[in-house]
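Coordinate-derived values only; no laboratory data. All of these numbers come straight from a predicted model, not from anything done at the bench. Positions of Cβ are generated from backbone atoms using ideal geometry, with glycine treated the same way; all protein chains shown enter the neighbour counts.
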Amino acid sequence: MGQGIQFAGGGTDRVGTAAASMIFGNIAAALMAGLIMISTFGCNNGLILAGARVYYVMAQEGLFFKKAASLNAYNVPGFALLALAIWASVLCLSGTYGDLLDYCTFASLLFYIVTIGGIFILRRKEPDTERPYRVIGYPFLPMLYIVVAGAICVILLITKPQNTWSGVFIVLLGVPVYLWQKSRMKGKPGSD
């Protein structure tokens with residue numbers, strides 16, 4: 001028992017590995033590493049497939065490079081997948097897994113807050129629009145999410161400022177690309 005408590009509280013954040021070590025012995029580290037790899041690859045599979053389609057739709061709407069709007073012979077946005085692979089590789093080379101997680105967590109939470117905030121804006125601007133899906137617990141649950149996610153963002157800004165601001169910087173890198181693409185679309189038929 002002493003080893004488990006010492007291992008978990010000894011300046012390490014690997015509490016799961018400490019618990020597994022007490023249950024499974026010396027094989028725990030390899031077991032946890034394997035389980036984390038399986039989980040990470042499964043998550044990446046979904047993120048990569050979905051992310052490439054986001055690039056694809058953005059390109060169709062003129063907000064990303066035109067080439068990303070094309071499908072290959074297998075009806076897959078191949079160029080968008082390649083662009084995502086390159087960007088993911090750059091991010092992977094930017095630091096440790098923990099650093100990358102901090103970058104992405106903060107940026108993702110910001111986008112989720114904006115998305116959830118959109119529910120309130122749409123309800124106010126378009127109150128009579130038919131909504132096939134109703135938000136459960138509206139307005140309390142979405143507001144609770146915004147408050148909790150905002151609190152996590154503040155905590156990350158305080159406890160891990162370097163990684164958090166790096167994440168903000170990465171997000172801000174997209175602003176010039178967006179503005180450039182948006183300016184190219186002005187005056188074209190079908191653009192607002």
>> With +1 assigned to the C-beta of every Lys and Arg and -1 to the C-beta of every Asp and Glu, and no other charges, what is the dipole magnitude of the chain about the Cα centre in debye, to the nearest 20?
In response: 580
> Taking +1 at the Cβ of each Lys and Arg and -1 at the Cβ of each Asp and Glu, which of 31, 57, 155 sits farthest along the dipole of the chain towards its positive end, judged by Cα position relative to the Cα centre?
Replying inline: 57
> Stretch residue 183-residue 122 to full length: gain in nm at 0.36 nm per residue minus the Cα-Cα span?
Replying inline: 19.4 nm
> How far apart, in nm, are two points set 7 Å out from the Cα along the Cα-to-Cβ line at residue 135 and at residue 74?
Replying inline: 3.8
> How many lysine pairs in the chain, separated by 8 or more positions in sequence or lying on different chains, have Cα atoms less than 17 Å apart?
Replying inline: 4
